[in-house]
Amino acid sequence: MRSKSFVTIISTIAAFITFFGLSLQAEAVSKDSGKEPIVIVYVCDLSNPAGQVPFAWMKVAAEQINESGGVLGQKIKVVAEDCKGQPNLAVEAYTRALINHKATVVGIYPRSEIVLACEAKAGEMYPDYPHILLAIGAASDEITYRIVDQYDKWKFVFRDQITVSARVPLYRDQVDIFKAVGVKKFALLREDLTWTQGIFKEFPATKYHKKILSVPDYAKSIGMEVVYQEAVKYKAGMYSPLFEAISAAGAEGIIFAASDGNDLDVFVRQWVDSSAREMHMLVTGATGARFWERTGGKSIGLITDSSVYPLLSGKDTPEMPDVRETAKTHNLAIVSAVLYSAYPDMFFLKKAIIRAGGVKDIDALIKAMEETEMMGPQGPLKYERTRIPPFFHGAVFADINDPSKHAKDGYTAVYGQIQKDGKMVLLQKPFPGVDGSLSYYRSPAELRKMK
Amino acid sequence: MSSALTFVLVFGLMMGAVYLLIALGFSLVCGVLRIFHLGYAYFFPLTIYGTWLFISEFGLPLAQSIVAMVVVQLVLSVVLYKFMIRRTMETDELTLLTGLLLTALIIEQLVAWRYPIQTGVYLNTTIMDGIWKFGRAVVPKQLVIASIVAVVMTSLFALFFIKTKMGLAVRALSQDILNSQIVGLNVEKLYSRTMMLILLPVVVAMLLIAPVWTVEPAMGWQYMTTAILISVLGGLGNIKGTIIASFLIGFTHSTMCFLVQEPRFMNLSALVLVMVILIVRPQGIARSESLW
């Protein structure tokens, strides 16, 4: 009997606390802004730093926007929904984002498989819960195919990343850099995820563009040879045998299309203690925070991308706070996803919402998303307006008439080399006023001697 | 072909020895305590991040930080034994397994909170930089040293169990607790010491391979999976079986890499091998009832 009364009392107290707690919370939002906040839900794998870092940046962006008066008087609220990297959990999270959080925008980061699973659910729910689906960092061509076929049904889907097909100019840049430093035979590796599929593929001609050579064929066309190619398991952990096989194939350099979340520090540490140690090495995504420290300085000589940003100077981004400054004041890591995705996305959304006059009319917001342009940390940010698959509603990067080339007004990717004491030296001159030249390149062996 | 065989031989031996170092502690705890130690995963991150904590937070030099980390690990092992394992191992195995698993998860989460990957943790425990060539095969000196240490350490453990009184007592305990108590063995003391003993190979393994292999808060699960696979294949808790299983997995991996030339099948092939052997010999390669 005593136990029953105890349970009743506890339940009553809990009910009161819950009730008053919720009331107070609701009141706090109401007093704070006067209007309901605009909710942006971020569906991601929060157990992985690759998911945590962009979320931290999105939260900071929301704070910065709110401190400067919000968007048309409304505050921005960013909520994370952890999907643990699993498509089924992501679909549940997506449903919660719309029903519980009443999200205006749902961002999904980063894997295409997860985005495609959520996209199907989003299509079912869109008529009752109009919103924007923003694929953050996902590259699969399939994500935007359907928007061209059934615009009215899928017009709410945007992708802030370049598609698998549109990456060709990026790969060609890498091959060109190798050619310029004297490499003739090289190994081509890709982490075994959707976004890298295009590196071995030839894209057949369509009614929109002519045939695009695969990277090995492109290399051949400029007098180089891919002597080894392999899809490498994500976070393989053991790379030593791979390096030996590459060395036996007679390669002089290695290009590895990989991303920040991969165990690239392990890859680099094992490279240095292998037969491939003298080879030229270009690894995309070796940009995570403190990469130099994580490799114990063994990343000297490595060519990589994006993390060169902290060295850029004189690059104005008037429509958003400076990335370097924000990183410093909020103690945040700069990774590639932050530069082209999560952080600038928030300011892009702000601009689009203002253009649409608010978030009540999602059709107007979609139109505004299609028309908005902004200068991001890596160049112009805008979504493709021409209805050509798979580029439509994706961030502009490749020239849609010849996707083997860069778009004139798309964002840029820059390459640098990690040199003495972890200092990054630019190998390209991405913007006026920024120093960069291939003449700064030194072979890994040469740099190790200087170390 | 002969060069591929050299690669298979050299890498098979090297990987096998490193796997042995990783699995030895797990095999010991299974053999002596007769529990499936699901908390084994915490030893790995605690070794690296514990050492890093003393370096970065207290400014201690590397050697002293390692000693301090070992003390922390010893204390934690004893606490776990006294307050969790001893209380539940005879009566409630499920609670024990859950408790051990939770311990590993809590430690992993604490590490991930304090030292997320972007902190840039790197322990310079490199004994020798560079490479050695064996025929055409090139291997990191650090991994060769790790392999030699693995073989020496396992030999010492084997000698300990075969030649010493305490080793004999632990073997007796691993076979029959009740009779060990009847003949006057101090079971409590032996258990506590075994809990401390299993630390040795794990700590040494982690410190030796950290400069070359994965270091991240969740790394324990990857290493524990390897340890479980080897221990199950070898015959849970049998050191002789563990030695054979480690090299068998090592050679399977190197065969996949250098003969079949498909590194992505490394883990798959090892799993298939374990499955096939367990179908033929469900008890594993060696008798799991005895430690040696």
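Descriptive notes on the structure:
- A:GLY253 falls short of the stated requirement of being more than 22 Å from A:VAL168 (Cα to Cα) and either surrounded by fewer than 22 Cβ atoms within 10 Å (Cβ to Cβ) or not polar (S, T, N, Q) (or both).
Yes or no, residue by residue, for (1) farther than 30 Å from A:PRO54 by Cβ; (2) of a type in the set (A, V, I, L, M, F, W, C); (3) modelled with pLDDT under 90:
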residue: A:PHE186; (1), (2), (3): yes, yes, no
residue: A:ILE199; (1), (2), (3): no, yes, yes
residue: A:GLU202; (1), (2), (3): yes, no, yes
residue: A:LYS211; (1), (2), (3): yes, no, yes
residue: A:GLY237; (1), (2), (3): no, no, yes
residue: A:PRO241; (1), (2), (3): yes, no, yes
residue: A:GLY250; (1), (2), (3): yes, no, no
residue: A:ILE255; (1), (2), (3): no, yes, no
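- Check on B:VAL72, closer than 30 Å to B:LEU173 by Cβ, out of contact with any helix residue (DSSP H, G or I) (no Cβ under 6 Å at 6 or more places or on another chain) and more than 14 Å from chain A (Cβ to nearest Cβ): no
- Flag if A:LEU365 is under 30 Å from A:LEU72 (Cβ atoms), assigned to a strand (DSSP E or B), in contact with a strand residue (DSSP E or B) (Cβ under 9 Å, 6 or more places away or on another chain) and hydrophobic (A, V, I, L, M, F, W, C): no
- When A:ALA187 is tested against the conditions (1) among the small types (Gly, Ala, Ser); (2) within 14 Å of chain B (Cβ to nearest Cβ); (3) crowded, with 22+ Cβ neighbours inside 10 Å; (4) not in a strand (DSSP E or B), the lone failure is (4).
- Looking at B:ILE148, B:ILE127, B:ILE177, B:ILE209, just one residue is under 30 Å from B:MET89 (Cβ atoms) and of a type in the set (A, V, I, L, M, F, W, C), and that residue is B:ILE177.
- Check on B:SER3, at negative phi, touching a helix residue (DSSP H, G or I) at 6+ places or on another chain (Cβ under 8 Å) and surrounded by fewer than 17 Cβ atoms within 10 Å (Cβ to Cβ): yes
- Out of A:ALA122, A:ALA117, A:ALA139, A:ALA90, one residue alone is under 16 Å from A:MET369 (Cβ atoms) and either touching a residue at least 12 places away in the same chain (Cβ under 8 Å) or in contact with a Phe, Trp or Tyr (Cβ under 7 Å, 6 or more places away or on another chain) (or both). It is A:ALA122.
- Verdict on B:ALA63 being under 30 Å from A:GLY261 (Cβ atoms) and in a helix (DSSP H, G or I): no
- Scope the range A:220-244; condition touching a strand residue (DSSP E or B) at 6+ places or on another chain (Cβ under 6 Å), crowded, with 19+ Cβ neighbours inside 10 Å and within 8 Å of another protein chain (Cβ to nearest Cβ); matching residues: A:GLU230, A:VAL232
- Residues considered: A:PRO54, A:PRO49. Of these, the only one that is modelled with pLDDT under 95, more than 23 Å from A:LEU133 (Cβ to Cβ) and surrounded by 11 or more Cβ atoms within 10 Å (Cβ to Cβ) is A:PRO49.
- Residues of the range A:264-276 that are surrounded by fewer than 24 Cβ atoms within 10 Å (Cβ to Cβ) and either among the small types (Gly, Ala, Ser) or more than 7 Å from chain B (Cβ to nearest Cβ) (or both): A:SER274, A:SER275.
- Flag not set for B:ILE131, criterion: under 22 Å from the mean Cα position of the chain (by Cα) and more than 20 Å from B:TYR223 (Cβ to Cβ).
- A:LYS121 farther than 25 Å from A:PRO390 by Cβ and among the basic types (Lys, Arg): no
- Of all residues in the range B:81-116, those satisfying the criterion of being within 13 Å of B:ILE48 (Cα to Cα) and of a type in the set (A, V, I, L, M, F, W, C) are B:ILE107, B:VAL111, B:ALA112.
- With a requirement of 1 or more residues that are free of Cβ contacts under 8 Å to residues at least 40 places away in the same chain and of a type in the set (Gly, Ala, Ser), the helices (runs of 4 or more DSSP H) lying completely within the range B:145-230 that satisfy it span B:165-175, B:177-182.
- Condition met for B:VAL10 (part of a helix (DSSP H, G or I) and touching a residue at least 12 places away in the same chain (Cβ under 8 Å)): yes
- Restricting the range B:4-32 to residues that are hydroxyl-bearing (Ser, Thr, Tyr) and more than 17 Å from B:PRO263 (Cβ to Cβ), the residue that is nearest to the other protein chains (Cβ to nearest Cβ) is B:THR6.
- Residues in the range A:112-130 that are surrounded by 22 or more Cβ atoms within 10 Å (Cβ to Cβ) and either touching a Leu at 6+ places or on another chain (Cβ under 7 Å) or not polar (S, T, N, Q) (or both): A:ILE114, A:VAL115, A:CYS118, A:GLU119, A:ALA122.
- Residue that is surrounded by the most Cβ atoms within 10 Å (Cβ to Cβ), among those in the range B:125-143 that are of a type in the set (Gly, Ala, Ser) and either within 8 Å of chain A (Cβ to nearest Cβ) or in contact with a strand residue (DSSP E or B) (Cβ under 6 Å, 6 or more places away or on another chain) (or both): B:ALA137
- The set of residues in the range B:90-124 being surrounded by fewer than 18 Cβ atoms within 10 Å (Cβ to Cβ), more than 10 Å from chain A (Cβ to nearest Cβ) and not in a helix (DSSP H, G or I) consists of B:GLU90, B:THR91, B:ASP92.
- A search for C-beta distances below 8 Å between a residue of the range A:221-243 that is without any contact (Cβ under 8 Å) to a residue 12 or more places away in the chain and any residue that is of a type in the set (S, T, N, Q) and surrounded by fewer than 18 Cβ atoms within 10 Å (Cβ to Cβ), counting only pairs 6+ apart in sequence or on different chains, returns nothing.
Residue by residue, here is whether (1) farther than 19 Å from A:LYS184 by Cβ; (2) more than 25 Å from the chain's Cα centre (by Cα) holds:
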position	(1), (2)
A:SER214	no, no
A:VAL226	no, yes
A:ALA236	yes, no
A:ASN262	yes, no
A:VAL272	yes, yes
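The values are calculated or read from the model by the stated rules, or taken from the named source; none is laboratory data. Keep in mind that this is a model prediction, so the values were computed, not measured. When we count neighbours, we look across all protein chains shown, and the Cβ atoms used for this are built from the backbone with ideal geometry, even at glycine.
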